[in-house]
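Peer 1: One structure is given below, represented as structure tokens, and several questions about it will come after.
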Amino acid sequence: MTGAGVSVESGIPPFRGKGGLWESFDPMEYATISAFLKDPKKVWDVLLKAMKEVMDKAAPNDAHMGLAQLEEWGYLTTIITQNVDGLHQMAGNTDVIEYHGSFVKNYCMDCQKNYMISDIVLEQTPPRCSCGGIIRPDCVFFGETIPYENLMRSFEMAQSCDVMLVIGTSAIVQPAAMIPVNARESGATIIEINPERTPLTGLISDYILKGPAGRIMQQLVTEIKHLRE
Ligand code: APR
């Protein structure tokens, strides 16, 4: 399971903590569905434009690549990510549950036509569909429900995994933060990778590998490679 910290080394800021998005933008003003519906131009001009600028340039880092390697070797089946940046898929992981949806995909609120974020030009905001409808990202704003299938599959995976790596999440946003709890209650070993302690540390997680996800994942992959030789 991954959170914003896994993409920090790709140049995408996290939400909380030093340099976090919510330091510059009040989520109640820019990240709720009611704020978006009330003033989509304002939300596109400020929060979504800032997200597009960093995501247009972002590429997978050593943490994403390490997870793709674990899948290639057959140790990792599924990623549950709270991130909306699409970097796990870009790195090569094939089963990625995008718990909070995707910012890579966008759609027209009137006719449902799909648009990739990289194809959207923000000269005029909010961006509009060829039918005239307003385009919105396919991610979950605060105040929206998690897509049912994401909820169900995540809990199924949590209940059936042997090991859950919990990488780069502050583990305070619900219901996502319950996923490692559920995995632990079902008998999984929980390994956190994070430079900081979280509410899971020492309570839910069996181990914490302290440090930036890119470096730790690279070390893990190197160790496993030696064991396989
Ligand atoms: N490597 C690993 N972890 C890191 C790194 C790094 N290089 N840099 C920071 N972190 C950790 C921080 O210590 C923190 O625990 O990443 C975490 C980021 O926490 P948040 O910003 O709260 O991100 P996340 O847990 O994904 O947020 C959950 O909150 O606002 C919503 O919808 C948004 O999906 C998001 C949800």
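Peer 1: Could you tell me whether G202 is more than 11 Å from the ligand (Cβ to nearest atom), of a type outside the set (D, E, K, R), on the phi > 0 side of the Ramachandran plot and at pLDDT below 95?
Peer 2: Spelling it out, G202 is indeed more than 11 Å from the ligand (Cβ to nearest atom), of a type outside the set (D, E, K, R), on the phi > 0 side of the Ramachandran plot and at pLDDT below 95.
Peer 1: Please enumerate the residues belonging to segment 84-135 that are of a type in the set (V, I, T) and part of a loop (DSSP other than H, G, I, E, B).
Peer 2: Taking segment 84-135 and keeping what is of a type in the set (V, I, T), we get 84, 94, 96-97, 104, 117, 120-121, 125, 134-135.
Across segment 84-135, the qualifying residues are V84, T94, I120, V121, T125.
Peer 1: Can you find a residue in segment 79-93 that is aliphatic (A, V, I, L, M) and either more than 29 Å from L165 (Cβ to Cβ) or away from the ligand (no atom under 16 Å from the Cβ) (or both)?
Peer 2: Scanning segment 79-93, I find at least one residue that is aliphatic (A, V, I, L, M) and either more than 29 Å from L165 (Cβ to Cβ) or away from the ligand (no atom under 16 Å from the Cβ) (or both), so the answer is yes.
Peer 1: Quick check on my filter: what residues within segment 13-59 are in contact with a helix residue (DSSP H, G or I) (Cβ under 7 Å, 6 or more places away or on another chain), within 10 Å of the ligand (Cβ to nearest atom) and open to solvent by less than 70 Å² (accessible area, probe 1.4 Å)?
Peer 2: Passing the criteria: P13, P14, F15, A31.
Peer 1: Let me ask another. When residues of segment 137-170 are filtered for being acidic (D, E), assigned to a loop (DSSP other than H, G, I, E, B) and either within 13 Å of the chain's Cα centre (by Cα) or more than 16 Å from the ligand (Cβ to nearest atom) (or both), how many remain?
Peer 2: Final tally of qualifying residues: 1.
Peer 1: Does segment 171-193 contain any residue that is within 15 Å of the ligand (Cβ to nearest atom) and in contact with a His (Cβ under 9 Å, 6 or more places away or on another chain)?
Peer 2: Yes, there is a match, as at least one residue in segment 171-193 is within 15 Å of the ligand (Cβ to nearest atom) and in contact with a His (Cβ under 9 Å, 6 or more places away or on another chain).
Peer 1: Mind checking which residues of segment 80-126 are at positive phi and open to solvent by less than 20 Å² (accessible area, probe 1.4 Å)? Full working, then the answer.
Peer 2: Let us first name the residues in segment 80-126 that are at positive phi, namely 86, 92, 101, 112.
Selection gives G86, G101.
Peer 1: Looking at T81, T32, which is the one that is within 18 Å of G168 (Cβ to Cβ) and in contact with a strand residue (DSSP E or B) (Cβ under 7 Å, 6 or more places away or on another chain)?
Peer 2: T81
Peer 1: Additional query: Anything in segment 54-74 that is under 17 Å from the mean Cα position of the chain (by Cα) and not aliphatic (A, V, I, L, M)? List them, or say none.
Peer 2: Listed by number, the residues that qualify are D56, K57, P60, N61, D62, H64, G66.
Peer 1: Something else now. For segment 171-188, give me each residue that is open to solvent by 50 Å² or more (accessible area, probe 1.4 Å) and outside any helix (DSSP H, G or I). Don't jump to the end; show me each part of the working.
Peer 2: Going through segment 171-188, the residues open to solvent by 50 Å² or more (accessible area, probe 1.4 Å) turn out to be 172, 174, 178, 184-187.
Scanning segment 171-188 gives I172, Q174, S186, G187.
Peer 1: Return the only residue of I224, I208 being out of contact with any strand residue (DSSP E or B) (no Cβ under 7 Å at 6 or more places or on another chain), of a type in the set (V, I, T) and open to solvent by 30 Å² or more (accessible area, probe 1.4 Å).
Peer 2: Unique residue meeting the criteria: I224.
Peer 1: Right, another one. Here are the criteria: (1) under 22 Å from D110 (Cβ atoms); (2) in contact with a Ser or Thr (Cβ under 8 Å, 6 or more places away or on another chain). Tell me which single one S34 does not satisfy.
Peer 2: The single condition S34 does not satisfy is (2).
The values are calculated or read from the model by the stated rules, or taken from the named source; none is laboratory data. Note that the coordinates shown come from a computational prediction; the quantities given were computed from them, not determined experimentally. We place every Cβ from the backbone using ideal geometry, glycine too, and count neighbours over all the protein chains shown. What goes into the accessible areas is simple: the full protein's heavy atoms, side chains included, and nothing from ligands, DNA or RNA. Shrake-Rupley method; radii C 1.70, N 1.55, O 1.52, S 1.80 Å.
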